[in-house]
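For reference, the structure discussed in these notes is given below.
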Amino acid sequence: MPKEQKKRGRRHKKAPYHYEESEKYASRNQEPEVYDQIENLDEQAQDENEHEPTQEHPQAFYGMLDETQLEYFKQAVTVLDADAFSTSEEKQMFLSALKAECLGIELKVMTDPTGSKAFEQLLLFSSSEQLLELSSTMASRIAELCTQRFSSHCLETLLNCSRRYIADEVAGDSFTLSEPASAKNNPFASLVVDFYQNIKPEMYRIASHPFGSHVFRTLLLVLSGMPLIQSSGTSSGKSLSTKKRLARSDAYSSILTNAYQPPAAFKQIIDEVLTSMESGLSTEEARALATEPISSPVVQLILDIEASQKQYFMLDLILPPRKGEMDFITTSYLESLLSNQVGSHFLEKFLLVCTQSRIDYLYSKFFEPRLKILKNAHGFSFAVKALMQKASKLQVSKYCRLLLDQVGDLTLPNVILLNAITIAISRFALLEEDILTKIKTVSEENRNILLALLGISDPESITESQRSKLHDSLKQRCLLIESLLSSSSRIASEITSGFIALPEQSKIKFLENPVLSHVAESILRQKGMEVVVRRKLLNDIVGHMSELACTPGGSRAVDACNSISAGLNHYRERIAKELLADRETLIRNPYGKKVWFNWHMDIFARTPAKWKIMTPGE
């Protein structure tokens, strides 16, 4: 299922480190091969860091690795990523050799684009003793390393790996800042406290630094005990760059999504940090921080932490509580948030954490009187989702009716708005007939509701740009259809009928498209479909299974047919025989290979009788 592409926040800026060729090899008279390492930036840095170092934010430099060392660390990363060790002892031996190679040059390794990847892996798979030993090598340089492009990721990994041991070693109030013996018995809790003490003198600079802000947010998450990644809902400011690498390790997967009970000493530090960050800030300054690309995620995280403690100092500072009419300055500020890429992200978080009384005030004094003006704003749909999560059933019904009246066609802004409405009403199963009527009204020229929602006349007429996974319009329309399929059985039936009505060749093009295939998969995976509907869906697909199985989009449809054909043994056997006939082609194709195993074709090839009694999806 495609995920909504939020063009907000820090990713709307130009990618970092686009050096001119004339400048690329100018400094230090080094060979081109050394500086070519900069171009092999890891995925984390590409996604999260979008600012070049300046004179105001110089990066720490501890020397450069030679060619032999670079080659060694590059191979080490490849080996650890593959994780093809036969035994755990073999893996530990490899990690010991890697640690020995880093001995004495830890800072140089951490600040190198290739070496930092290897060092992250070393931290990730180290035992508690090894982790403490490695952390001691960087203890005196924490503030410098926080603001370096590559070492900042290593510090994030160190903090996140510490979460596991803190949860194990600290129970309740056993760890305090005043007792030395307590620190000895709780080395990882002490490590986090020392980490904070090292960055405390430069906390403001690090929190507003392009790279340091990620480390600062990770530290706040560890201190507060909040999960790094939320399993559902909005996780603004929490999905940090280290999640991708940490997620590769089963041993640490629970670190990402599970909260833990931090020691009382951490609560003291959190209070100190929040007080320091908020002291002396005026309303204008706080609002400026909330819309600045680097500081906005930090402010959002502060809102989260304070809301978990039932405190709203930052929230009240940005939007002081009022009972009467909203003043012009506040109105203008809120309108600017909706039209700003960073601001819309912040407003969504703001609405999610504020109290119900504040929600009611904003709804009645700001949103409702300005629906016609605000509905086309960039971030309005995100604000609607946040508002509806806090609203009651009566409020959702009233507000969504007003919003539906503003939808006059199926242009992209209205498609995004309809998706927000659909998600909101799905909580209470409201307004199904109203949405279906509205869709039919605005698309009366096209009887096929599926094609009307997609904004195309036929799957074969899709342009080359629309075939791209990054095409925003088609992607947003697909998201709306998937929301409708999961929220309304009446609309889902209409959409399914629209798909069945497509000609055979159009269906195949639909299934092969990398974006539309997600819609087709959602249609095929609907629960509770009648047998006659399932047969109609399969009729035109059977006979093209091998062809579809070898494409990124089509393979999803073939997998979905595994469940939709349950109980339809004739169709299942036809599909299995078709796949078996093209065994060699499927096995050699990366997508076809997955389909082969998902359909348990090895069992079908050896013992068809056993395969026939298997439950689809086993």
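The values are calculated or read from the model by the stated rules, or taken from the named source; none is laboratory data. Please read these numbers as outputs of a predicted model, since none were measured by experiment. Cβ atoms come from the backbone with ideal geometry, glycine included; neighbour counts cover every protein chain shown. Quick note on the areas: whole protein, heavy atoms, side chains included, nothing else; ligands and nucleic acids left out. Shrake-Rupley method; radii C 1.70, N 1.55, O 1.52, S 1.80 Å.
Tabulated results
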| item | result |
| --- | --- |
| Total residues in the stretch 299-322, condition among the aliphatic types (A, V, I, L, M), more than 17 Å from Gln268 (Cβ to Cβ) and out of contact with any Cys (no Cβ under 9 Å at 6 or more places or on another chain) | 5 |
| Per-region count, the stretch 531-547, residues part of a helix (DSSP H, G or I) and either farther than 12 Å from Leu586 by Cβ or in contact with an Asp or Glu (Cβ under 7 Å, 6 or more places away or on another chain) (or both) | 11 |
| Count of the stretch 398-410 residues which are assigned to a helix (DSSP H, G or I) and surrounded by fewer than 17 Cβ atoms within 10 Å (Cβ to Cβ) | 4 |
| Selection from the stretch 372-390 of residues that are among the hydrophobic types (A, V, I, L, M, F, W, C) and within 22 Å of Leu436 (Cβ to Cβ) | Val384, Met388 |
| The one condition in (1) at pLDDT 90 or above; (2) open to solvent by 30 Å² or more (accessible area, probe 1.4 Å) that Asp83 fails to fulfil | (1) |
| Whichever residue in the stretch 122-167 is open to solvent by less than 10 Å² (accessible area, probe 1.4 Å) and of a type in the set (Ser, Thr, Tyr) and, among such residues, is farthest from His214 (Cα to Cα) | Ser126 |
| Residue within the stretch 225-248 that is among the basic types (Lys, Arg) and modelled with pLDDT of 75 or more present | no |
| Close pairs from the stretch 266-282: first part of a helix (DSSP H, G or I) and among the charged types (D, E, K, R), partner at pLDDT 90 or above and surrounded by fewer than 20 Cβ atoms within 10 Å (Cβ to Cβ), Cβ under 6 Å, at least 6 apart | Glu278/Phe313 |
| Among (1) open to solvent by 20 Å² or more (accessible area, probe 1.4 Å); (2) touching a residue at least 60 places away in the same chain (Cβ under 8 Å) - the single one Asn419 does not satisfy | (1) |
| The stretch 559-597, subset among the acidic types (Asp, Glu) and assigned to a helix (DSSP H, G or I), residue farthest from Ser546 (Cα to Cα) | Glu573 |
| Only listed residue being part of a helix (DSSP H, G or I) and within 19 Å of Ser162 (Cα to Cα), chosen from Gln121, Gln92, Gln75 | Gln121 |
| Selection from the stretch 598-618 of residues that are assigned to a helix (DSSP H, G or I) and either in contact with a strand residue (DSSP E or B) (Cβ under 6 Å, 6 or more places away or on another chain) or open to solvent by 40 Å² or more (accessible area, probe 1.4 Å) (or both) | Asn598, Asp602, Ala605, Arg606, Pro608, Ala609, Lys610, Lys612 |
| Some residue of the stretch 521-533 being surrounded by 17 or more Cβ atoms within 10 Å (Cβ to Cβ), modelled with pLDDT of 90 or more and in contact with a Pro (Cβ under 9 Å, 6 or more places away or on another chain) | no |
| Every residue from the stretch 310-363 that is touching a Ser or Thr at 6+ places or on another chain (Cβ under 9 Å) and assigned to a loop (DSSP other than H, G, I, E, B) | Tyr312, Leu319, Pro320, Pro321, Arg322, Asn340 |
| Matching residues, the stretch 551-596, being over 28 Å from the mean Cα position of the chain (by Cα), hydrophobic (A, V, I, L, M, F, W, C) and either surrounded by fewer than 23 Cβ atoms within 10 Å (Cβ to Cβ) or under 17 Å from Met614 (Cβ atoms) (or both) | Cys561, Ile564, Ala566, Leu568, Ile575, Ala576, Leu579, Leu580, Ala581, Ile587, Trp596 |
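A quick yes/no check of all residues on (1) within 24 Å of Thr218 (Cβ to Cβ); (2) touching a residue at least 24 places away in the same chain (Cβ under 8 Å):
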residue	(1), (2)
Pro293	yes, yes
Glu306	yes, yes
Arg322	no, yes
Met326	no, yes
Ser332	no, no
Ser336	no, yes
Phe366	no, yes
Leu374	no, yes
His378	no, yes
